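To start, the structure itself, in structure tokens.
Please treat every number below as a calculation from the coordinates, not as lab data. This is a predicted model, so every value here is computed, not measured. Cβ sites come from the backbone with ideal geometry, for glycine too, and all protein chains shown count toward neighbours.
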Amino acid sequence: MKKAFAICLVAVMALGLTSLLTSCSKTEDGDIIAWMKIKAFLGNAEAQNNLGDCYAKGEGVEQDYSEAVKWTRKAAEQGNAGAQCNLGLCYAIGNGVEQSYTAAVKWFRKAAEQGEAAAQCGLGVCYANGYGVEQSYIAAVKWFRKAAEQGEAAAQCNLGYCYENGEGVEQSYAAAVKWYRKAAEQGHAGGQCNLGACYYNGNGVEQSYTAAVKWYRKSAEQGDAVALCNLGWCSENGEGVKQDHAEAIKWWSKAAKAGDDDAKQKLDKMGVDY
């Protein structure tokens, strides 16, 4: 029985929201960090944001989320869009602060209104899931589109999802494929997996198991659990690849270890450990 290929809208905030200013180069003597701290203490917003990023990642300093938030907030309050985005992320996932979607939305919005693509994507995720705001796919699409048009891969994938499922926009497989492909070609694992699903089902493109396997494999190589599971089904059924039951079990085992419930259920029924 084939696995359902519908992919959930990105709900993990961190998926498309990496820090935008990452100048925390590691050095043995700590000179770069020392100069960064001086500039941060003197009120330089970019240095404050970068120092916060260093504390968050533990690069050049001992990892300390509280210090990360402290310096990120100083930069955010000066209007630094990257810092506002990063502070929103801290609130969204509860790193260094008490988790609060309301506060996350506040800071994402400040950055998004300055044109910060990652924050626009984050704000879209909040609207899509009703995190800290009234749920609205229309508003989600608005912000996904703004970020997607700037090349934000996670937003492109999410916008593709909205088109595929007619959420906030008129349903269009062609538009879904367009945005999935943009994300996939940037190396976004979710976009690659979803584009593979479009080829598998012939939605918005000419049906091709070979192309489906190509994109599933690219996604699976990044550890995407759904893509790993889908490769298992393709191997089991000889779709786009030579039929190989042992190969299918290999892919399902990897998917199960990555947390895919369908793969776990399949292996459990077969009595295969993973």
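Sort the range 223-274 into rounded, prolate or oblate with this rule: let a ≥ b ≥ c be the square roots of the eigenvalues of the Cα gyration tensor; rounded if a/c is under 1.5, and if a/c is not under 1.5, prolate when a/b is larger than b/c, oblate otherwise. If you can, show how the numbers build up before the last one.
Working: a/c = 2.14, a/b = 1.32, b/c = 1.62.
The shape class here is oblate.
Using a 10 Å cut-off on Cβ atoms, rank the peptides 132-141, 249-258 from the highest mean neighbour count down. Before the final figure, lay out the partial values.
Details: 132-141: 16.7, 249-258: 20.9.
In decreasing order of mean packing, 132-141, 249-258 become 249-258, 132-141.
What is the distance, in nm, between label points placed 7 Å from the Cα along the Cα-to-Cβ direction at Asn201 and at Lys106?
So the label points at Asn201 and Lys106 sit 4.0 nm apart.
Take the alpha carbon atoms of the range 99-132, find their center, do the same for the range 59-85, and report the distance between the two centers in whole angstrom.
Distance between centres, Cα-based: 17 Å.
To the nearest 10 degrees, how steeply does helix 189-201 sit against the main Cα axis of the chain, on a 0 to 90 scale?
That helix lies at roughly 20 degrees to the long axis.
For the Cα atoms of the chain, what angle does the longest principal axis make with the long axis of helix 137-148, in degrees from 0 to 90, nearest 10?
Tilt of helix 137-148: around 80 degrees.
Full extension from Ser208 to Lys178: what is 0.36 nm times the residue separation minus their Cα-Cα distance, to one decimal in nm?
Values: separation 30, 0.36 × 30 = 10.80 nm, distance 1.65 nm.
Additional length available on full extension: 9.1 nm.
Could you work out Rg/(2.2 N^0.38 Å) for the chain, with Rg from alpha carbons only? Numbers along the way, then the final one.
Working: Rg = 20.9 Å, N = 274, 2.2 N^0.38 = 18.6 Å.
This ratio for the chain stands at 1.12.
I want to make sure I understand the PRE zone here: with the label point 7 angstrom from the Cα of Asp31 toward its beta carbon, which residues in the range 57-72 have backbone N atoms less than 20 Å away?
59-61
Among Asn237, Ala255, Gly271, whose Cα lies farthest out toward the positive end of the dipole of the range 223-274, if unit charges sit on the beta carbon of Lys, Arg (+1) and Asp, Glu (-1)?
Comparing the listed Cα positions along the dipole, Gly271 ranks first.
Would the range 76-133 count as rounded, prolate or oblate if I go by the C-alpha gyration tensor, calling it rounded below 1.5 in a/c and otherwise prolate when a/b exceeds b/c, oblate otherwise? Spell out each step's value before the answer.
Details: a/c = 2.02, a/b = 1.12, b/c = 1.79.
Oblate shape, in that a/c is at least 1.5 and b/c is the bigger or equal ratio.
If you take every residue apart from Val133 with its C-beta less than 15 Å away from the C-beta of Val133, what net charge results, scoring Lys and Arg +1 and Asp and Glu -1?
+2
With a sphere of radius 13 Å drawn around the Cβ of Ala189, what net charge do the other residues whose Cβ falls strictly inside it have (Lys, Arg +1; Asp, Glu -1)? Walk me through the intermediate numbers first.
Values: positive: Arg217, Lys218; negative: Glu185, Glu221, Asp224.
Summing Lys and Arg as +1 and Asp and Glu as -1 gives -1.
With a point put 7 Å past each Cα toward its Cβ, work out how far Tyr274 is from His245 in nm, to one decimal.
Those two pseudo-labels are separated by 1.8 nm.
With a/c under 1.5 counting as rounded, go ahead and sort the range 63-173 into rounded, prolate or oblate using the C-alpha gyration tensor (a ≥ b ≥ c being the square roots of the eigenvalues; past the cut-off, prolate if a/b is larger than b/c, else oblate). If you can, show how the numbers build up before the last one.
Values: a/c = 2.51, a/b = 1.95, b/c = 1.29.
It comes out prolate by the Cα gyration axes.
Using +1 on the beta carbon of Lys and Arg, -1 on that of Asp and Glu, and nothing else charged, what's the dipole of the chain about the Cα centre, debye to 20?
Values: 28 positive and 32 negative charges, 70 e Å.
Once rounded to the nearest 20, the dipole reads 340 debye.
By a straight-distance test (C-alpha under 15 Å), which aspartates and glutamates pair with Lys218 as possible cross-link partners, with residues fewer than eight away in the same chain excluded?
Glu185
If each Cα of the range 19-119 is one equal point scatterer, what is log10 of I(q)/I(0) from the Debye formula at q = 0.14, 0.16, 0.23, 0.24 Å⁻¹?
With one equal scatterer per Cα and no solvent, log10 I(q)/I(0) is -0.45, -0.59, -1.12, -1.20.
Taking only C-alpha pairs under 8 Å that are 6+ residues apart, what is the relative contact order of the chain in percent?
Numbers: 537 pairs, mean separation 28.1, N = 274.
Relative contact order comes out at 10 percent.
What's the magnitude of the charge dipole for the range 138-256 around its Cα centre, counting Lys and Arg as +1 and Asp and Glu as -1 at the beta-carbon? Answer in Debye, nearest 20. Each step should come with its number before you reach the end.
On the way: 12 positive and 13 negative charges, 53 e Å.
The calculated dipole for the range 138-256 is roughly 260 debye.
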